[in-house]
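Asker: Please see the structure below; I have some questions.
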């Protein structure tokens with residue numbers, strides 16, 4: 001045990017300086033320094049047999065610092081992810097709140113446009129089933145729904161003052177000032 005005390009007395013100040021520079025936080029450096037000392041004590045007689053106790057102490061201190069940094073980083077990442085997820089679940093995308101305006105916008109569409117949007121987009125019918133049930137080719141049904149969606153988008157923009165972000169997603173709208 002004397003060899004541990006002697007090595008510690010000889011290298012403690014140098015280790016403290018190293019850890020303080022690494023952590024930039026004297027309290028953290030002190031914690032890691034204590035962990036390093038405990039590791040030396042746990043080694044017991046094996047520590048006394050080391051050829052270079054200084055190198056061993058620095059290696060253990062460096063590893064303790066790395067482990068400490070990983071734990072702190074992991075906690076930060078986990079809390080950041082939790083906050084990000086909470087924010088995303090708290091926010092209701094603007095497009096989901098357009099249901100206030102949707103009935104009036106649909107009413108302004110012609111019957112063919114309204115019918116394909118109601119069946120395929122709102123009721124979940126496949127475009128191929130819609131085409132078959134209405135005597136259309138699949139290509140014709142796909143073209144019809146694309147045109148109907150564009151017209152519905154125009155109606156929503158006009159009725160609800162819908163705005164889009166740079167990616168083309170609904171970012172906001174104003175149903176109070178509109179006719180919705």
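Asker: Sticking with the crude label model, points 7 Å out along Cα→Cβ, report the distance from residue 146 to residue 34 in nm, one decimal please.
Answerer: So the label points at residue 146 and residue 34 sit 6.9 nm apart.
Asker: Further question: Where in segment 21-56 does the amide nitrogen come within less than 14 Å of the point 7 Å from the Cα of residue 10, taken along Cα to Cβ?
Answerer: Of the residues in segment 21-56, 47-56 have backbone N under 14 Å from the label point off residue 10.
Asker: Within segment 1-22, what residues put their amide N at less than 19 Å from the label point 7 Å along the Cα-to-Cβ vector of residue 49?
Answerer: Within reach of a label on residue 49: 1-5, 7.
All of the numbers you see were taken from the coordinates with simple rules; none came from a lab. Predicted, not measured: the structure shown is a model, and the values here were computed from it. No Cβ is skipped: glycine too gets one built from the backbone with ideal geometry, and neighbour counts run over all protein chains shown.
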